[in-house]
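Since every read-out is calculated from the coordinates, none of them should be taken as a lab result. On a predicted model such as this, the values are computed, not experimentally measured, just so you know. Every residue, glycine as well, gets a Cβ built from its backbone with ideal geometry; the counts of neighbours run over all protein chains shown.
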Amino acid sequence: MRISVIRAATLALALSILAGGSASAARHAPSGGATAFVRVNQVGYPTGATKRAYLMASAVETGATFAVKNSGGTTVLSGPIGARLGSWSTGYPNVYAIDFTGLTTAGTYSISVTGPIAASSPTFAVNAGPTVYAGALRNALSYYQNSRDGANYIASALRTAPGHLNDANAMTYSTPSYNAGSGRFSGDLTPWACASTAPAAGGMPATTSSSCRPRPTQPA
């Protein structure tokens, strides 16, 4: 279960970086104010995997070409950009695929686009899968370990003591009245009386909403 969650988190991280790009991504701004960006997966690409980048442009990029360059600036793969895929936003209504799956040599690369609006990408890695994803996996695992509660917490610089040790006996309350204008709760909280507070597996209460009922607020 933990491995599945970590894999999902890693994939989400990779996709979010791919979609959002980097604040340091280079861009070309002609006198007319048109701009374009090349978005890549900054986690990297496994050598044997499908490899795609995306050109996002504020104007049509008809006839544009791309070049993949190694860390020495040598072009190792080039070709025309792919078909227009649709719109990213009103500011960038033209998105094109750049397929460079043919690149299978490990190294550090960047992509430059030549056309109506020039653009270039941040650098990215191509390497064996375990090498590419090692950092993201470590970060995801560290996040979940530091977020772990209960007596069996994992000690680290960010987690120095157990937490939520009394959740099994925590009181629950019915939804309070809320004043949207003032942002304040109205009236007293009403506790719920539950049939059982015995902890189930994992330390969670073995109760459901069907076994609970409102009970009068205790006098102050």
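Figures for the structure shown
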item	result
At 0.692 mPa s and 37 °C, Stokes diffusion of segment 44-137 via Kirkwood alpha-carbon radius, µm² per second	237
Spacing of the two label points (7 Å from each Cα toward its C-beta) at Thr101 and Ala180, in nm	5.0
Under 12 Å from the Thr108 label point (7 Å along Cα→beta-carbon), backbone N, segment 63-83	70-73
